[in-house]
Structure formats: structure tokens, C-alpha cells
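The values are calculated or read from the model by the stated rules, or taken from the named source; none is laboratory data. What you see is a predicted model, and the numbers here were worked out from it, not measured in a lab. We place every Cβ from the backbone using ideal geometry, glycine too, and count neighbours over all the protein chains shown. Just the protein is used for accessible areas: all its heavy atoms, side chains included, with ligands, DNA and RNA removed. Shrake-Rupley method; radii C 1.70, N 1.55, O 1.52, S 1.80 Å.
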Amino acid sequence: MKRRLVWIGACLMAAFSTVAVLQSAYAATGCRVDYAVTSQWTSGFQGSVTVTNLGDRLDGWTLTFVFPDANQKVSQGWSATWTQSGTAVTVTNAAWNGSVAPGASVNAGFTGTWSGTNPSPASFALNGTRCTGAVASPSASPSTSPSPSTSPSASPSASPSPSTSPSTSPTPSASTDPWMPPSDLAAPLDKVWAHQEETYSNLYGFKNYGWDQLMAGRGSINYCVRWDSTAHVTAAQRDAVHATLQKQYQKWMDQMLDNGQGWNNWPYRQVPVKVVGWAVRDRAQLEWTDTSVDVYVNNIRENAPQCGEPCGRFFHQDGNYSGCPGGDSHHYDHSLWLTAGFQGGAGGDWGQRIGSEYFMSNLGTENVHILLHEIGHTYGLDDFYDWDPTPGKGFVMKAGSATQITEFDKWMLRDFWRHLKSRYGL
């Protein structure tokens, strides 16, 4: 009898597995992909793909496409796992953005190299289904091959559930999302904001947070690198510095998204980061001859090379870059100050300062945690040297307690946004 019961159980499991496969086969699929080259320079470029789900809910996604030119290569990506074989590119969701509701979008970006031409891919496929901008018809109807344990009412085509039908469960607008942090973080977040109101001398009046710079740049950020070192830098290292900056910066920007949509009127899904200049003591330290970035030589401030003041947001917070060679497109919002032998870091509205050896040894690292910490300061987030709002848990803004952005860091960033967003009319 025991053996018979085991056999029946196995049969039931097989039946349930069959049902799951059939339901998956009948799910409505469809997608639209918006591909864009957000910036381009000699031999390099930055790209963005935005995938809009036009079918049923996705719980995990893989986007595939083929570059038209064999010289187009992905160097580094963010908000997804990027791989390339020949000209074929595969983009797989990150752990936090695999679930995409009907009608919602998800964005991922990358930096790449090119030569000759840099055309856009002709077609894309999501989970094996070509993205045409329309919903694909199921390959079979449930009525043609019913499962003994499945009734017509359980078929997605006959009676869609509220969780999978766009008509019965529209994706809520992120602009209506109230302040609802996780319950265990609500009180610590209140304490953090109260502490900032008590200790910041001009919390609400200051007008040069990273938020202000980003809005002035209409969703993009420019950097200039202060190379405070005697080491040489190759063109490949230059491009890797750019890619690392983009990846780490986007990690903060991703905290403002829920399922690819901006939280609480946040307007940007992806923030392009461009390195527009390098400052050095000796031009020979930079081992490239192209003109993809401006080069400032022996312009010494604070005993370190500095990019031209006429081009710096810190010096021209009114946005007037008329004295900058090349004009507004050559201005820089942040400085990345890389100092040989420097321990720890510093950050503010002017940018971020960290050790050059530390940064260069972490090119391509998933989380450059000192840089992440200092970018947080650029967006107004506080230090926590003398108190801990979440004892023992750790978060990246409490130096040394975490190596990546945590849920608490995310909600501190969002708290800053909700208090400042009205100044941008949002």
C-alpha cells in the first residue's frame, strides 16, 4: 500500500507539472524595446535599452539582440547581466528587477566600443519572443489540448486573473506612491531626517546638491577627473574609469525606481554619466592622442591638478558656462579626485575624492563601496560616525559597515527626494 501511495503521489506531481507548462505556454507575450546611444566618443559609446512588457507579468527576463557590426562590443553593463558572443548580445535581469508587471518597463545600460560605424540593432527578442510592439498570439488554445486537472475557467485566455490582465489590474502610477518605507525602517528614517534638520545649517536652502545638478543637466551628469598621481593612464584605463563611474552612479539612481518606473515622480530611468575631461600635471601621463576628452595641464588648486574653473558647476552654479571652451556640453558637474596614497574618501557637491590606487584596482568591481559612499554625500546623505539609527545592521552610508547600497540607504535617498522634489515642480 505504501508503494502504491508513493506512485499515486508521483502521478499527481506529474499532472501538476503538466498544468504549469500548459499555463506558461498560453501566457500572452509581447514587448517593445527602445534602444538608444546616449553618448558617443572616439572608439566608445554608451547605450541604453528600455524594455516595455506588453504581455502578462514577467518573473525573470532575458533580452537578446545582434549588433549589425562585428566591431561593436559591450565593455561593461549595469542593471542587468550582459554577455556577448560574436555579435550576439544577451541581457539577463538583475536580482531586483526580474519581475515586470503588464505595461511596465525596465531599463538597463552599458558602455561599449566601436569602429567604423555604430548602427542600432535591427530586432530584439524577450524570453525568445520577438519584440514587435504587439502582443503575440498563443501558439495553441487550451480547448485543443485540455489537461484533466484544468478547467476552461483556469485558462488565461478564458478568464484572466487580476494579477495578469492589464485591463483589470493596471500598473499603478509611481507618482501616487506614498511614503511607505518598510515598517522596521520608518522610525530610524524619521530620526535621520530630524538629525539632518538639526545639524545641517541650510538643509532646505542649499541649491547645489547632486539633485540640483542632475535636474540642471536634464537627467545626465558630467565628470572631470583630477588625476592627482604620477602614474600613467592608458586609453583602455581611461575608458574603464568612465564605465566604472557609470555603473556605480547608476546603482544610486536605480534606488529611485520601482519595477522600472520612477518612484514618487522621479523622472529618470537611467542617468547617463560622461567623463568630459582629465586634469594632470604632465600631459605625457595620459597615453592617448585622441580628443575624446578635454585635457587640463598643470592647473593646480589645493596642491592638485584641477579641471578649468570656467567649466565647473561648483564655480558656476547659475549654469553660465560661456567662459568654458566648448560651452555647456564641456562643463562638468562633479570632479572625481583620485589621489595617490589617499586613505578613505571625501564627498560633497563638488564631487568625490578617493585613493587612485584603490579606484584603479577596483575597475570593473561590482561595488566600489568607498565611491558609493561618497556619491551618497553628493546627494546630501549624512555621515554616521557618532550614532547608528539601525544598530548592528549596517548600511553603505555608515562607513565600514556595508559594501553595497542597502534598503536603508535606498529609503534615505528617497526621503531626501520627497523633501526636495517640489523645488523642481514635481
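Data overview
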| item | result |
| --- | --- |
| Gain on full stretching of the segment that runs from A399 to T81 - 0.36 nm per residue minus C-alpha separation | 111.7 nm |
| Loop chymotrypsin sites (Phe, Trp or Tyr not before Pro), the range 180-243, which have at most 14 other Cβ atoms in a 10 Å radius of their Cβ (DSSP) | Y200, Y204, F206 |
| Between the range 351-426 and the range 37-89, the Cα center-to-center distance that results, in Å | 27 |
| FRET efficiency for T90 and D184, using Cβ-Cβ distance with R0 set to 41 Å, rounded to 0.05 | 0.65 |
| Exposure rank, largest accessible area first [R418, R130; 1.4 Å] | R130, R418 |
| Set of lysines with alpha-carbon distance to K410 below 23 Å, sequence-local pairs under 8 removed | K191, K207, K247, K251, K393, K398, K421 |
| Computed magnitude of the charge dipole of the range 359-409 (debye, nearest 20; Cβ of K, R +1, Cβ of D, E -1) | 120 |
| Per residue value of the accessible surface for the range 279-426 (all protein chains in place, 1.4 Å probe), Å² | 43 |
| Difference of contour (0.36 nm per residue) and Cα-Cα distance, N202 to T117 | 25.6 nm |
| Two-decimal ratio, the range 49-115, of alpha-carbon radius of gyration to 2.2 N^0.38 Å | 1.16 |
| Length gained when the stretch D34-V135 is fully extended (0.36 nm per residue, less Cα-Cα span) | 34.7 nm |
| Coordinate range along principal axes, alpha carbons of the range 311-426, Å, largest first | 50, 40, 26 |
